[in-house]
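The values are calculated or read from the model by the stated rules, or taken from the named source; none is laboratory data. Note that the structure is predicted; figures quoted are calculated from it, not measured. Reconstructed Cβ throughout: ideal geometry from the backbone, glycine too, with neighbour counts over all protein chains shown.
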Amino acid sequence: MWLVALETATPTLSVALLKDGKPVAEHNEQSKRRHAVTLAPTIATLLSEQGLKPQDVGAVACGSGPGSFTGLRIGLSTAKGLAQSLNIPLVTVSTLDVLAAAAVRPDAFTAPLLDAKQGHIYVAFYAGSKEPLNCRPLTGYLALRSEQVAAQAKELVGKNRLTVCGDGVFLCKEDLMATNLEVLELPSWQNVPRASILGQIAARRLAGGEVEDLAAVKPLYVRRAAAELAREAKKNATT
Amino acid sequence: MHSGQIILGIETSCDETSAALVADGREILANVISSQVNLHAIYGGVVPELASRRHVELIVPAVETAFKEAGLTFDDLSAIAVTPGPGLVGALLVGLSYAKAVALAQSLPLIGVHHTAAHIYSNVLVHPDLKPPFLSLVVSGGHTSLIHVHGHGQYELLGRTVDDAAGEAFDKIARALGLGYPGGPAIERLARSGNPDALPLPQAVVKDNPLDFSFSGLKTAVLNYLNTLRQRKQEPNKADVAASLQRAVVIALVERTLEAADITGLKKIVLAGGVAANGELREALRTAGAKRGLQVLVPPPILCTDNAAMVGCAGYWYLRQGLTAPLSLNAIANLPLGAELTWGKLGEK
Ligand SMILES: [Zn+2]
């Protein structure tokens, strides 16, 4: 069965085609703010390069974030359009799970870090594992400040080692160094969430029956809309 | 079963998630409009991030309901038409990304319909024999435009607002009067019991182009009037304020439109947009048009709100002209009228 995987949460646009859970083709580009323009044509090109018709696709996988709100909606709206019109299942995978899967190893904790802007970092912590494609976070998917990331790391990781990856690493470097933890960094090419890995995770979840409710599924925003927070702050101030 | 060309229309430019199925550009088989008005009312206006989030949750059910109502499936489609702008860019991107995915998956033509143009086509839905050329006045919370429609997809912008849109003036004064959101319908309701000559309000004249509109002076005059009363600790007669504001806006709209008809020699005038639901505007334009022997068409109120049927209707006529868009079509907040039709030719990859 063919599966299309889309990842649009970060400035990297990544699209992959998998056959029976194995990556066959992948396209990655640094297309900040151009995901809306490039995503659909990229899917079309990948399909035609493999000689496939859209009807040959049996499932869609989409990165659910956290990440850029707009990027997430471009990806998920595209995934919903494909899944609904082709009448095929949709599987979502957290973008942090995708990053972690490329980094998780048996003898270290892993923390993918994504720049969430406004002084925050999206992060989740993963235990060591021999099966990175099955990894699930020990924590929730969080938006923290750098010093909070370091404090969490110190508490969870203890005397173990910690692997960090993602475009938010540079934001946490100083605070992580100050913890005296043994921190490993991945080479930069492993710092972007790749659709080929997303697709492999999704294929396993699909086999396990983890399919999304197409109508209700939404991105992992983690953070609420600024207007909601402002309204609440105002309400709390007056009561 | 339907033998004609079925277009799926998608519209998410503001706070309505809408999906429609239209046959041959004239018959509405389904027009599902999921309004988010309650979500935004507590904020006194549309919150773009919340609107975008809600569109993601409403788009699939809206399309599903449309197909169910029409008794059709994706296999029956001839094309997908969608609004790429103008509007809230995050909101537009939900409908556009969804529509592009459907076009890709079903190997169907994608058609981009400018939101203002879509409003004009709501008239074609109820008057199937309406053919260009004609003059159109499009009035909403975001736009006030006079457009010479030369042919399907061929537009000439004759005049537009140089500051606030007419609907925006209604919304702002409604807020100042504590009438809540949306303001237009509230002003109209209140105006019925008010005296339209109670407030002396200025008629805005735009120097550079006699067909342009300006409503900020009018808005400021009303706000100043309310302020003066407040300083004197007097309560305004809200009905009189609403009636005077509405009268001033309607006069400006009707006068410019008749002037545009004079200049262009066009005999057909087509009203469109959210404010086209305003009873006084409809009546005033009809009466003034009739006096001069002009034909005035107004869409039914349900087609004045943002809806996907008008998008699907325009999509049919665009498809007949070969006006399709590439899968690289992008959402643009302030998309100029007609730009969506040259997207491919602009070399956008
Ligand atoms: Zn509108």
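Kindly establish whether residue B:129 is out of contact with any strand residue (DSSP E or B) (no Cβ under 6 Å at 6 or more places or on another chain), more than 9 Å from every other protein chain (Cβ to nearest Cβ) and modelled with pLDDT under 95. Quick ask: steps written out before the conclusion?
Numbers: out of contact with any strand residue (DSSP E or B) (no Cβ under 6 Å at 6 or more places or on another chain): yes; more than 9 Å from every other protein chain (Cβ to nearest Cβ): yes; modelled with pLDDT under 95: yes.
In short, yes.
Residues that are more than 16 Å from the ligand (Cβ to nearest atom), under 18 Å from residue B:341 (Cβ atoms) and in contact with a strand residue (DSSP E or B) (Cβ under 7 Å, 6 or more places away or on another chain) within the stretch B:132-154 comprise B:132, B:133, B:148, B:149, B:150, listed in sequence order. Scanning the stretch B:103-121 for residues that are over 17 Å from residue B:309 (Cβ atoms) and either within 16 Å of the ligand (Cβ to nearest atom) or of a type in the set (A, V, I, L, M) (or both) yields B:103, B:104, B:105, B:108, B:110.
Considering only the stretch B:36-71, how many residues are of a type in the set (Phe, Trp, Tyr) and either surrounded by 16 or more Cβ atoms within 10 Å (Cβ to Cβ) or more than 10 Å from chain A (Cβ to nearest Cβ) (or both)? Full working, then the answer.
Of the residues in the stretch B:36-71, the ones of a type in the set (Phe, Trp, Tyr) are B:43, B:67.
Keeping just the survivors that are either surrounded by 16 or more Cβ atoms within 10 Å (Cβ to Cβ) or more than 10 Å from chain A (Cβ to nearest Cβ) (or both) gives B:67.
Here the count works out to 1.
Can you find even one residue in the stretch B:263-281 that is more than 21 Å from residue B:167 (Cβ to Cβ) and either assigned to a helix (DSSP H, G or I) or assigned by TED's automatic domain parsing to the domain that holds residue B:52 (or both)? Yes; the residues of the stretch B:263-281 include at least one that is more than 21 Å from residue B:167 (Cβ to Cβ) and either assigned to a helix (DSSP H, G or I) or assigned by TED's automatic domain parsing to the domain that holds residue B:52 (or both).
Among the candidates B:110, B:8, single out the residue that is of a type in the set (A, V, I, L, M, F, W, C), under 19 Å from residue B:327 (Cβ atoms) and within 20 Å of the chain's Cα centre (by Cα). B:8 is the lone residue from the list that is of a type in the set (A, V, I, L, M, F, W, C), under 19 Å from residue B:327 (Cβ atoms) and within 20 Å of the chain's Cα centre (by Cα). Note on the stretch B:187-221: among residues that are more than 23 Å from residue B:145 (Cα to Cα) and hydrophobic (A, V, I, L, M, F, W, C), the one that is surrounded by the fewest Cβ atoms within 10 Å (Cβ to Cβ) is B:198.
The set of residues in the stretch A:1-41 being more than 9 Å from chain B (Cβ to nearest Cβ), surrounded by fewer than 24 Cβ atoms within 10 Å (Cβ to Cβ) and of a type in the set (S, T, N, Q) consists of A:12, A:28, A:30, A:31. Just the residues that are more than 20 Å from residue A:81 (Cβ to Cβ) and without any contact (Cβ under 8 Å) to a residue 40 or more places away in the chain, please, taken from the stretch B:303-335. Passing the criteria: only B:322. Total residues in the stretch B:12-35 satisfying the condition of being outside any loop (DSSP other than H, G, I, E, B) and away from chain A (no Cβ under 14 Å): the figure is 12.
Scan (1) touching a Lys or Arg at 6+ places or on another chain (Cβ under 7 Å); (2) under 17 Å from residue A:69 (Cα atoms); (3) not charged (D, E, K, R) for the single condition residue A:133 breaks and write down its number. Answer for residue A:133: the failing condition is (2). The residues of the stretch B:174-196 that are over 18 Å from residue B:40 (Cα atoms) and among the hydrophobic types (A, V, I, L, M, F, W, C), listed by number, are B:177, B:187, B:190, B:191.
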